[in-house]
Amino acid sequence: MPPLLLPEDDTGPRAGDVPVGLWSRAIRTTVRELGFTRHEFEAALDLDELPTVDCAGAPWRRRVPRAALDRLRGDRRTRTGLRDRVHLVNASGGADLLGISTARFARLARGGCFSPVGFHLNRYHTLVWRYAAGELRDLAGHRPELLRGAAPEGLRKALAAGQDWRPRKWRGRRTALLMRQAAGSWERAAVPAALLEPPVLREVVPDPDERAHLALLRPPLLSLPPGGTRTEPIRDVLRATDPEEVRWYRSLLKRHLGAARAARPAPRTVPAPCGT
């Protein structure tokens, strides 16, 4: 079933809309009314299964329209279908679902056979990746050879070289969603800019005013904090470092930066008065 669709005239904010981005009382109330868990609601947003629209004048602020929520409240089958599509599992749950060992599941995940939807830090400060159960079932149906017997040669070589595609796959999924949600050309340029290390960003965008504007429009790479107190594992996920991936995001940034410059120049930074 495709994501819930919005009426074409549902453009402005309305009473009953739910803001996205902070775990507010409105969201808690809505989730409770729908019979969802917090993780199911977050997964519906991350998988773009629950429609959101932008809040005018507030970059990256989103809201779930009342029309979509009313449809869920009024149709049990729609709610059940949505919950099935947004059900997430960790590595052990995914292995059980596919009927394979956890070790084989980890090899398939590191080899990029499927994309994580999200992650969190456990109490040992280790990243725990989460996967859409529906996507894993699709993999089992379309690529059953991955679940039994010897792994394909390309996968074996990638794993032998120590490659781990999980962060890259997550970044690709997250940035694709943000690009669809971007309200304008500068917002679209800010998405790849957020993934590049500062020296690379300065090389692609030498104008300090443009870099400042992109920083101001920086998108929320994480919809909500993943928990834990250490930031090193998270920082590694949020930045592209593989040369091939860096080239891709550089190219993406250049393309959308050109469109942004053509649409309107970045605002100039006003220098601070002398003596301040």
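The values are calculated or read from the model by the stated rules, or taken from the named source; none is laboratory data. Because the structure is predicted, anything quoted here is derived from the model rather than measured. FYI the Cβ positions are ideal-geometry reconstructions off the backbone, even for glycines, and counts take in every protein chain you see. When the accessible area is computed, the model is the full protein with side chains, heavy atoms only, and any ligands, DNA or RNA have been set aside. Shrake-Rupley method; radii C 1.70, N 1.55, O 1.52, S 1.80 Å.
Under the condition of being assigned to a loop (DSSP other than H, G, I, E, B) and more than 24 Å from Arg62 (Cα to Cα), the residues counted in the range 197-225 number 4.
Return yes or no: is Arg156 out of contact with any Leu (no Cβ under 8 Å at 6 or more places or on another chain) and within 30 Å of Ala266 (Cα to Cα)? Explain how you work it out, then say what you get.
On the way: out of contact with any Leu (no Cβ under 8 Å at 6 or more places or on another chain): yes; within 30 Å of Ala266 (Cα to Cα): no.
No.
Number of residues in the range 39-55 that are in contact with a Pro (Cβ under 8 Å, 6 or more places away or on another chain), open to solvent by 30 Å² or more (accessible area, probe 1.4 Å) and at pLDDT below 85: the value is 1.
Taking the range 163-187 as the region of interest, how many residues are under 21 Å from Thr269 (Cα atoms) and in a helix (DSSP H, G or I)? Even if it seems obvious, please write down each step before you answer.
Taking the range 163-187 and keeping what is under 21 Å from Thr269 (Cα atoms), we get 184-187.
Then drop every residue that is not in a helix (DSSP H, G or I), which leaves 185-187.
Of the residues in the range 163-187, 3 are under 21 Å from Thr269 (Cα atoms) and in a helix (DSSP H, G or I).
Close Cβ contacts (under 7 Å, 6 or more residues apart or on different chains) running from residues in the range 231-245 that are under 11 Å from Arg171 (Cβ atoms) and part of a loop (DSSP other than H, G, I, E, B) to residues that are among the hydrophobic types (A, V, I, L, M, F, W, C) and open to solvent by less than 20 Å² (accessible area, probe 1.4 Å) comprise Arg239/Leu195; Ala240/Leu195; Ala240/Leu196.
Please state which one of Glu187, Glu197, Glu210, Glu145 is acidic (Asp, Glu) and free of Cβ contacts under 8 Å to residues at least 24 places away in the same chain.
Values: Glu187 fails: free of Cβ contacts under 8 Å to residues at least 24 places away in the same chain; Glu197 fails: free of Cβ contacts under 8 Å to residues at least 24 places away in the same chain; Glu210 fails: free of Cβ contacts under 8 Å to residues at least 24 places away in the same chain.
Criteria check complete, one pass: Glu145.
Out of everything in the range 145-162 that is open to solvent by less than 70 Å² (accessible area, probe 1.4 Å) and not in a loop (DSSP other than H, G, I, E, B), what residue ends up being farthest from His120 (Cα to Cα)? If we take residues in the range 145-162 being open to solvent by less than 70 Å² (accessible area, probe 1.4 Å) and not in a loop (DSSP other than H, G, I, E, B), then Gly154 is farthest from His120 (Cα to Cα).
Out of everything in the range 180-209 that is acidic (Asp, Glu) and in contact with a Lys or Arg (Cβ under 8 Å, 6 or more places away or on another chain), what residue ends up being most open to solvent (accessible area, probe 1.4 Å)? Talk me through it step by step, then tell me what you get.
The first filter runs over the range 180-209 and keeps only residues acidic (Asp, Glu), leaving 187, 197, 203, 207, 209.
Restricting the remaining residues to those that are in contact with a Lys or Arg (Cβ under 8 Å, 6 or more places away or on another chain) gives 197, 209.
Numbers: Glu197: 69, Asp209: 26 Å².
Looking at the filtered set, the residue picked out is Glu197.
When the residues of the range 222-239 are filtered to those that are out of contact with any Asp or Glu (no Cβ under 8 Å at 6 or more places or on another chain) and modelled with pLDDT of 90 or more, which remaining residue is farthest from Ala194 (Cα to Cα)? That would be Val237. Going by the structure shown, is Leu88 of a type in the set (A, V, I, L, M), farther than 12 Å from Arg130 by Cα and in contact with a strand residue (DSSP E or B) (Cβ under 9 Å, 6 or more places away or on another chain)? For Leu88, the condition - of a type in the set (A, V, I, L, M), farther than 12 Å from Arg130 by Cα and in contact with a strand residue (DSSP E or B) (Cβ under 9 Å, 6 or more places away or on another chain) - is not met.
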